[in-house]
1. Please list, by residue number, every one of the chymotrypsin sites (Phe, Trp or Tyr not before Pro) in the stretch 120-161 that is coil in DSSP and has at most 16 other beta-carbon atoms within 10 Å.
2. Of the accessible area of the stretch 44-107, with the probe set at 1.4 angstrom, what percent is carbon plus sulfur?
3. Summing -39500 (n - 2.57) over the DSSP H runs of n ≥ 4 in the chain and dividing by its residue number, what mean residue ellipticity at 222 nm do you reach, to the nearest 500 deg cm²/dmol?
4. Find the relative contact order for the chain and round it to a whole percent, using C-alpha pairs within less than 8 Å whose residues are 6+ positions apart.
5. Restricting attention to the stretch 60-161, which trypsin sites (Lys or Arg not before Pro) occupy a DSSP loop and are surrounded by at most 14 other Cβ atoms within 10 Å?
6. Calculate the dipole size of the stretch 65-161 relative to its Cα centre from +1 charges on Lys and Arg beta carbons and -1 charges on Asp and Glu beta carbons; express the result in debye to the nearest 20.
7. Over the chain, give the accessible area per residue in Å² for a 1.4 Å probe, as an integer.
Amino acid sequence: MQAQGARSCYNGRVESNVYDQYERDADQYLATHGLRVPAETLPTVRETLRREIRHEADTYADKGTVPGNTSLMRICAAQLWHAGVVEDALLIHRARRTSMDATGAIDGQLMLGAGVARTKDFLAALGTSEAREILDDIAWLEDDYDAERYATDLDDWYQTT
């Protein structure tokens, strides 16, 4: 994250305080929606995450001037983790792989909202190269992963209860 007043350059255009604005946007999104969203809101959460993935990918491919909001991406991933839909592991993985910034912002544990065993079973059944990559990531995470502790950590991180 850049300091107050920092400036960023994308494709020759200078963007002032974009990361400060992104922090405010992420805080507003969290205040509006919270970490635990109703099932009918999940399509909107997924679309928000996909939009930010596109922005981040385009920026790093020199196709766009608006970087993805990795703080917002993390909140969306946390909302999906709480929903526990196993297919969301794929979307969260794609978000994590968008850039080095996104990988740092979005914890690998967020792919495990449906639980370790269920996620591994789902990915093994898919059998794609992406699924195998996620299974490799899970192999690094699963020994230390505790869903209840992680939920508490998310609540503490976002100061919710």
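The values are calculated or read from the model by the stated rules, or taken from the named source; none is laboratory data. Quick caveat: nothing in here was measured; it's all calculated off a predicted structure. Virtual Cβ from ideal backbone geometry, glycine too; neighbours counted across all protein chains shown. Please note that ligands, DNA and RNA were not included when accessible areas were found on the heavy atoms of the full protein model with its side chains. Shrake-Rupley method; radii C 1.70, N 1.55, O 1.52, S 1.80 Å.
1. Details: sites: Phe122, Trp140, Tyr145, Tyr150, Trp157, Tyr158; in loops: Tyr145.
The qualifying sites are Tyr145.
2. Values: 1240 of 2490 Å².
The computed percentage sits at 50.
3. Details: 8 runs with 100 residues, N = 161.
Using -39500 (n - 2.57) per qualifying helix, the result is -19500 deg cm²/dmol.
4. On the way: 194 pairs, mean separation 28.1, N = 161.
About 17 percent, as a whole number.
5. Details: sites: Lys63, Arg74, Arg94, Arg96, Arg97, Arg118, Lys120, Arg132, Arg149; in loops: Lys63, Arg97.
Answer by residue number: Lys63.
6. Values: 8 positive and 17 negative charges, 78 e Å.
So the dipole magnitude of the stretch 65-161 works out to roughly 380 debye.
7. Working: 8720 Å² over 161 residues.
That works out to 54 Å² per residue.
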